[in-house]
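Asker: This structure is in C-alpha cells; I'll ask about it shortly.
The values are calculated or read from the model by the stated rules, or taken from the named source; none is laboratory data. None of these values were measured; they are calculated from a predicted model. Note that we place each Cβ from the backbone using ideal geometry, even for glycine, and neighbour counts take in every protein chain shown. Remember, those area values only see protein heavy atoms, side chains included, never the ligands or the DNA or RNA. Shrake-Rupley method; radii C 1.70, N 1.55, O 1.52, S 1.80 Å.
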Amino acid sequence: MSAAELYLSSDSLHPIDLVETLAEHHAWDFDRMNEDQIAMAVEGQWRTYSVTLALSPNESLLRLVCTFEMDPPEEARSALYETISRANDMVWSGAFSFWESQRLMVWRYGLILAEDQPAGIDQIDYMIRAAITAAERFYPAFQLVAWADHTPATALEVALAEAVGRA
C-alpha cells in the first residue's frame, strides 16, 4: 500500500499527524513531543537513525533532522569536515553537518510549505526515505575517515561505488 492510500485526502491534515501515521505504518518507534514535533527511530542497514520532524508555522517550514552518534578522535576531525563538505557536493537535497558538542552526525532538510499546497503524505515519506538513504550512503565514508585513516577522497569512493551499484 502506498503512503497516499493511508489517507484519502490529506490536504487538511497537520503535517506532523501525517508523519505519525507514517511511523505507525512502518512500525517505527516514535514520540510525539508536541503538536508540531515528532521524533522517530528508523532502522537502517548500518544503524538506527534518530529522525525528528518539526513544523514551524511562522516560517511555513517542515524541518527534518536525521542524526546518528559519532565521536571521532580529535586528530580525524579536519578530515571528517572535509569529507562532509565533499559529501554535500555530491547530494542535491539536504546537507550533512557534525554537531561537535552533541557528538552527532546530522542530515538536515527543510521543506518550505506553500499555503495552497501543504505537504502530502507521499512527499513526507519521500523526505524521510531520502534522509535515511543519504545517511546510509555516506556512513561508511565517515567511519573510514574517522577510524581507519582513509583520505576523504578514498573514503567517498565507497559512497560513489555504492550509489552506482544500486542504480
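Asker: Using helices alone, what [θ] at 222 nm do you get for the chain, with -39,500 (n - 2.57) per DSSP H run of 4 or more residues, divided over all residues and rounded to the nearest 500?
Answerer: After summing the helix terms and dividing by residue count, I get -13500 deg cm²/dmol.
Asker: Can you give the local net charge around residue 22? Use residues other than it whose beta-carbon is closer than 11 angstrom to its beta-carbon, Lys and Arg +1, Asp and Glu -1.
Answerer: -4
Asker: Follow-up. Can you compute the modelled spin-label distance between residue 82 and residue 154, with each label point 7 Å from Cα toward Cβ, in nm?
Answerer: Taking the simple label geometry, residue 82 and residue 154 are separated by 1.2 nm.
Asker: Now, a different point. Measure nothing but the geometry: give the 0 to 90° angle between the long axis through the Cα atoms of 15-26 and the longest principal axis through the Cα atoms of the chain, rounded to 10°.
Answerer: Between helix and principal axis, roughly 70 degrees.
Asker: What full-extension length gain, to one decimal in nm, is calculated for residue 61 and residue 31 as 0.36 nm per residue of separation minus the Cα-Cα distance?
Answerer: Contour length minus the Cα-Cα distance gives 8.8 nm.
Asker: To continue, here is another question. Testing the spin-label approximation: label points 7 Å from Cα along Cα→Cβ at residue 13 and residue 71. State their distance in nm.
Answerer: 4.0
Asker: May I ask you to derive the relative contact order of the range 34-101, considering only C-alpha pairs under 8 Å and at least 6 residues apart, and to give it as an integer percent? Provide the component values of the computation, followed by the final result.
Answerer: On the way: 60 pairs, mean separation 12.2, N = 68.
Across the range 34-101, relative contact order equals 18 percent.
Asker: Carbon and sulfur together cover what percent of the accessible area of the range 70-136 at a 1.4 Å probe radius?
Answerer: The computed percentage sits at 49.
Asker: Answer rounded, prolate or oblate for the chain, using the Cα gyration tensor with square roots of eigenvalues a ≥ b ≥ c: rounded when a/c is under 1.5, else prolate when a/b is larger than b/c, else oblate.
Answerer: Since a/c reaches 1.5 and a/b is larger than b/c, the shape of the chain is classed as prolate.
Asker: Something else: With a probe of 1.4 Å, find how much accessible area the chain has per residue, and write the answer as a whole number in Å².
Answerer: On the way: 9130 Å² over 167 residues.
Value returned for the chain: 55 Å² of accessible area per residue.
Asker: Placing +1 on the Cβ of each Lys and Arg and -1 on the Cβ of each Asp and Glu in the chain, which of 79, 96, 130 has its Cα farthest towards the positive end of the resulting dipole?
Answerer: Value computed over the given set: 79.
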